[in-house]
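The values are calculated or read from the model by the stated rules, or taken from the named source; none is laboratory data. Owing to the predicted nature of the structure, the values given are computational and were not obtained by experimental measurement. Here the Cβ positions follow ideal geometry from the backbone for every residue, glycine too, while neighbour counts run over all protein chains shown. Just so you know, the surface numbers come from the protein's heavy atoms only, side chains and all, with ligands and any DNA or RNA stripped out. Shrake-Rupley method; radii C 1.70, N 1.55, O 1.52, S 1.80 Å.
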Amino acid sequence: MSFALAPGISFVEQDGERIFLDLNRDRYFALGPSADSAFTALTHGKPDEHQKARLLGLVDRDILVDLPFGDNPRPCRQPRLLGSALDRADMTIPPRRQILVAAVSIMRAKRRLRAHTLTSNVERLRALKSVSAADMRPPRAGECEMIAAAFAAAGRWIATLDQCLPLSFAIARTCLKAGLDAQLAIGIKLRPFEAHAWVSIDGIVISDRLDNVRPFAAVLVL
């Protein structure tokens, strides 16, 4: 008997606690103490018979799948955080047309998140990354700063406060279409619980200031 994370389930460990993201139900959750103990034993490859029964309960809850063979579940791999393009873009003045395109991209992302599930939006971005993979290139000098400045300016036109998810989807799609290998991360922090999303390229955050992102541990990276 072997167990793996069910499709749409990912998790991260922060400050000694394990938090899961269920894309299919658009929710974050933690396991109860007994289930969490069994999950810990599973990640170390040594669940006993009693713990295996607990793990089968997680199968019933669509958190795990029971497979003949499989790797032990692993927490989300953390993206590099080397700096922020916004922290370097204070003197960058993007063309008005680029600001307008960024604003339209944010509004489209908002509409799509309202009209479709988070899973659908994630799969759409994954499909774009797959199609674009062969055409990825390094950013040109100042390109990341210009994109960051354009979206920051667009955010002053339209409401982006507490709208990190549509902003991140919009920036990620813009970067990918330009041939830049952007990563979108969804992260959490505890006490108090908060969720956040951001976009980075080669460790440089595009969508936010570095100090705003550092407290968060990524639970999903696209």
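Which residue fluctuates the most in the chain, going by a Gaussian network model with Cα springs under 10 Å, if the choices are 94, 138, 192? Maximum among the listed residues: 192. For a paramagnetic label modelled on residue 48 (point 7 Å from Cα along Cα→Cβ), amide N atoms under 13 Å away belong, within region 16-38, to 38. Karplus-based coupling profile of region 21-33, in residue order and whole Hz: 10, 10, 4, 5, 10, 6, 8, 10, 7, 10, 7, x, x, with θ = phi - 60° in 6.51 cos²θ - 1.76 cosθ + 1.60 and x standing for Gly or Pro. Taking 7 Å steps out from each Cα toward its Cβ at residue 178 and residue 62 produces label points 3.8 nm apart.
Sorting 126, 114 by solvent-accessible area of protein heavy atoms yields 114, 126, largest first, with a 1.4 Å probe.
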